[in-house]
Structures are given as C-alpha cells and as structure tokens.
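Novice: The following block contains the structure, expressed as structure tokens.
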Amino acid sequence: MINIFFWQKLKEKTAWVSIAASALSCFFSLIVLQSYSAGAGSYKLGQWLSILDVPIDLGVTIDGLSVMMLLVVTIVATLIKIYSVGYMHGDPRYSRYFAYISLFTASMLGLVLADNFLVMYIFWEGVGLCSYLLIAFWFEKPAASQAGLKAFVTTRVGDTGFLLGILLLFFTTKTLNFADLSSFTITGSEGVLTAAALLIFLGAVGKSAQFPLHVWLPDAMEGPTAVSALIHAATMVAAGVYLVARCFALFAAVPLSLEVVAVIGAISAVMAASIATVNNDIKRVLAYSTVSQLGLMMLGLGVGSLAAGTFHLMTHAFFKALLFLCAGSVIHAVHTQDIWKMGGLFSKMKTTAMTFVIGTLALAGVPPLAGFWSKDEILSHAYHHNIILFAAAAVTSLLTAFYMSRLIFVVLFGKPRSDLHAHESPKTMTVPLVILSVFAIFVGFLGSPLAGYAFQKFILGEALETAMQPDYFMMGVSTAISLLGIGLAYLIYLGGFKLPQGIIRAFKPIHQLLLNKYYIDEIYDAVFVKPTIKICGFFFGFDWKIVDGVVNGVAFSVQWIAGKLKLLQTGFVQNYILVQVLGIILLIIAVLKKLWLQF
C-alpha cells in the first residue's frame, strides 16, 4: 500500500520498502515457528459474515504445513526482491513492479494462513490476478500480453472447478472450515466426497499447471525472470500442491481421488520432462522442469504420502528459485535466452556458474543435496504403492538429470557461440544466489535420516504413520538414475559422442513431437479456440445485423417519416394558406360526391 500511494515520492526506494516488509514477514514467521513448536494452534479472530444463517469465522491456521509454507514464501520472496533491485534497475515501471510483487507475496501468505475455503479462495484469486499483472508486466510486447491473458483464462477453468467444489461442500456440510473436513470425511457420502475432491483438485491442476491445464506456464516466461522465480518457486504454482495437501483428509477418504491425483501427476511429470529435453530456451527448460517437479509432488501426495509431497515442495522452492535467478543473471549478461547462443560462461560468471551448477545438481537429485532426499522419498513411496507410478517417477528423474545437465553443459561449458561479452551480475543479484545455494545444499537434511526425519515429524506430528526407516536400496537406485542422466548428457554434449544416423532418423518423429509439445496447444486451438471464435462471430453478426438491425431500422424509419413530414413545415404563411385552401376544396368535393350519390 505504501508503494501504491507514495511511489512518486519514493521512486526507487519502493524496492527497499518492499524488501523490508518481506524481511519483517520472515522474522514474524520465525516467531510463529517458535510458537508452534511450543504448542500453538489455530486462532479464531471472530465472526466475519453469515451465509444462509451459517456463520463464517475469520481466523488463521497454524500447523506444520502452514508454518513451513510461511517460512518458504517469506525467505524466497525476500531474496527474489533483493535480486530484483539489480535485475529491474532502469525499468520505467520499477515502482509498479515492486507493488505488484509485494501484493503477490501477501496474497500467497493469506492463502497459506486461511482457515476456511472462502478466505482461501479470495486470496487464491488474488494470486491469480497478480500472476496476470506480472506475466504481462511488459504489456507493450504482444507476446507478454497474450501470455498473461492465456494464464488468466486457463487458470479460470481450474478455479471454476475449485469454486464448485467449495459450494458442494458448503451446501452439504454447512461449513467451510478446514478443521471440519475430518469429521465430514467419516460421515459424508462417498459420492459427495468424490465429487468435491475431484472439483477441488481441478483447481489445483490449473494453479499448479498440471496436465491438461499446463499450457499457460511455459508462456508465462514472457514476464521478468525474477517474477518467474517467484511464480515457480513459492507462490502461484505452489498453491495447487498446497491446496491438495491442506485438503489431504478429504482426498485420503476417497481412494479414487488419490489415484487421480497420482496419475495426473505422473503424466504431467513425464510429459513435461520429455519436452524439456529438446527445448532451447533457458527459461522454458526451467518452466517445463517446474511442471515436471510439480507432477512429482502430486504423485507423492497421490500415493498417500503427505510428508513426501510437501517435503519436495519445500526443497524445490529453494533450488528452483536459485535456478531461475541464475538464468536471469545469464540473460542479463548475454541478452538472449537461446542456449545455443551461449557457451563458455563458467570462466566469465563464476559466482553465477557455480550456483547454477549447485542448483542443477540439487534438481537432478545428486546426493547429498536437497533434491536427493525429497525425490528419494517420493520414489520410495511410489515403489511400495504402484510399480507403474514408480516407473513414471524414475523416468522423470532420469530425464531431469539429463536435461538439466544438457542445460549447464551447453550454457556454461564449451566454446562461446557468439560475440557477446558476458560479465558477472552486480552484488544485489549474486548475493541472493549464494544464499539460495546454501539452502539448496542443506535444507534437504531436515527430512533425512541424519536429522531423524525432523521435517516429516514436523508436518505429520502425531499422524506419523510408522517409524521412519532409511530405504538404502532406493537411495542407491535414485543416485544411479541421476548419475546415468548426467553421464548421458556429458557424452552427447561435452564428450563428442555421435549417435548413429539410423538412431537419429528413428527418433526424428519423436523429436519433432517433443519440439511441438505434443501438439497440445494446436489441439486446444482447433477444438476450443477456433470454434469459440466462430460461435462468437456468429452471435456478433446476429446481434449486429438482426438485433441492432431491427432497432436501428425502426429508428431510421421514424427518422425518414419525420424528415418527409418536416417538408410541410416551411415557415411561409402563403404555403399554409394554400394547404388550407386545398383541404377545403377536398372537403367540398367529398361532400358534393356524397350528395350526388344520395340523389
């Protein structure tokens, strides 16, 4: 609010107002963490309003899940804002940017703390609005404007499902509080539970860019890179996974809904990872990586492990923010997003390059970095739940290690492929990279055997199903998969290994399919967009030619008649006398004719 009302006076100081607010929020989050550890719970602030005689309370939820998200959102948002000081320097809408990004952060915090569906939905829509404003921030570019609109419209599909699910629960249970979900899952009918869970999941699919509503997220790369980092790490897309985790009691009560969550997550993970292997845009590679990793989180939740899904949500937030900010630093230096116009940047941008490698290894799941521990949890639970889902998770992990290694080998190593003179970014951009790289290395230990599975105990508390035991076999499998992906990328992109022409020809159709993103955008365009445009064109023509034609025709007719009658009103007395005389003559003729007929 300060930035909105006083931006003209503050100018570039708006950045530090925004940073101070986020840092203060981070401090308060640490206080909440300490309070929760001391046994604090949910707080009711009082009755807000009444709907159909049902009181709706205003309150906050303080549990392991919300506290974890508070810390993740505030830490990541603060670092991204510091980074933005250098990245957005000189932008004509500098103050507006920080106002938007602060509102974005506030909306996500409100969503996380909400204790009922109504408040969550309000902040849910706030997050969607801010994403539109920030994706289309450089709206003078047609691509950015279209990307913002695409994100807004696509997520509206999911939001409609979420709203219908909320209404179904409200009219069935007469409450919107999350705390009442547990009792309803015991007494509610299976049909209502299933319908509500699937409708709510549709909202999560839209926000977390899962198949088939994933198409908006890659195009969202048209916004500032710092915005991409915030959307992909701690706000927009994290909201969908958080929603499923928050309503986990509802999903767990209906096995079918959990299966749907797992299957959609598996499809999204494999599909997006495969597309990322052939993409040549540094930001879009990371965007498809986000879709894929969110799919893994959904898969983890779908196989019944709340801790595994949320653990990966936490670790992913740090190393994905790191990767996007590293990409922004590279783009800031070379002024291109095409990875084949880069190369040899390691020696020129050592801080960016080293942190980029750390983020890549974390995402690839190389031990002992953060991604290894959280990905291993998902693989382990999937293996014991369903072998097909495990295979999907394993393939996703292999592809992730491959395309991320491909990315850094092409961008950071080898010979420069252009005449651009790269330089290291300013301290405001590199310091957040170093801090995030520390999190990318160490935050995973919170959920490892070395820390006694502290994260899982923090999230589940008394609901911890069984005593956690290390799965050393799966750790070995996970490590082998990661090293295999890295090794393949090294052979192809640095080792000079040439595939036989026969294999290249055989894979060419698949390569073309991946380059065109499985033609999903084209299918949507043919099935939904073009028919909708034609239908709208028909109704526009009907409205313009028929409805407006009748109305305008009546008006024109009256106007024409009035114009003709106006000719009689000349203003000359002799004309009026002439008309009167003619009228009298006509009357006399009529009377004489009548008398003649009588005789």
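The values are calculated or read from the model by the stated rules, or taken from the named source; none is laboratory data. Predicted model, so just to flag it, every value in this text is computed and none were measured. Neighbour counts run over all protein chains shown; Cβ positions are idealised from the backbone, glycine included.
Novice: Residue by residue through the stretch 4-35, note down the ones that are on the phi < 0 side of the Ramachandran plot and at pLDDT below 80. Lay out the reasoning, then the answer.
Specialist: Looking only at the stretch 4-35, we keep the residues that are on the phi < 0 side of the Ramachandran plot, and these are 4-10, 12-35.
Within the stretch 4-35, I4, F5, F6, W7, Q8, K9, L10, E12, K13, T14 meet the criteria.
Novice: I've got another one for you. Output the number of residues of the stretch 494-510 satisfying the condition of being among the basic types (K, R) and more than 13 Å from V278 (Cβ to Cβ).
Specialist: Residues meeting the conditions: 2.
Residues are listed down the side, and each one gets a yes or a no for (1) part of a helix (DSSP H, G or I); (2) under 25 Å from the mean Cα position of the chain (by Cα):
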| site | (1), (2) |
| --- | --- |
| L30 | yes, no |
| L45 | no, no |
| L49 | no, no |
| P55 | no, no |
| G59 | no, no |
| L71 | yes, yes |
| T74 | yes, yes |
| T78 | yes, yes |
| I82 | yes, yes |
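Novice: If you go through the stretch 134-143, how many residues are in a helix (DSSP H, G or I) and surrounded by fewer than 21 Cβ atoms within 10 Å (Cβ to Cβ)?
Specialist: Number of matching residues: 2.
Novice: Can you run down the residue pairs with Cβ atoms below 9 Å, 6 or more apart or on separate chains, where the first is in the stretch 370-391 and outside the structural domain of D471 (by TED's automatic domain parsing) and of a type in the set (K, R) and the partner is buried (at least 24 other Cβ atoms within 10 Å of the Cβ) and part of a helix (DSSP H, G or I)?
Specialist: Qualifying pairs under 9 Å: none.
Novice: Within the stretch 121-172, which residues are free of Cβ contacts under 8 Å to residues at least 12 places away in the same chain and small (G, A, S)?
Specialist: S145
Novice: Would you please list the contacts, defined by Cβ atoms under 9 Å and residues six or more apart or on different chains, that run from a residue in the stretch 477-498 that is under 9 Å from A364 (Cα atoms) to a residue that is surrounded by 18 or more Cβ atoms within 10 Å (Cβ to Cβ) and of a type in the set (D, E, K, R)?
Specialist: S482/K375
Novice: Can you go through V285, V261, V278, V270 and tell me which one is within 29 Å of L109 (Cβ to Cβ) and either modelled with pLDDT under 95 or assigned to a helix (DSSP H, G or I) (or both)?
Specialist: V261
Novice: If you don't mind, there's one more thing I want to ask. Inspect all residues belonging to the stretch 339-351 and state whether any of them is farther than 23 Å from K427 by Cβ, at pLDDT 90 or above and touching an Asp or Glu at 6+ places or on another chain (Cβ under 8 Å).
Specialist: The answer is yes; a qualifying residue exists.
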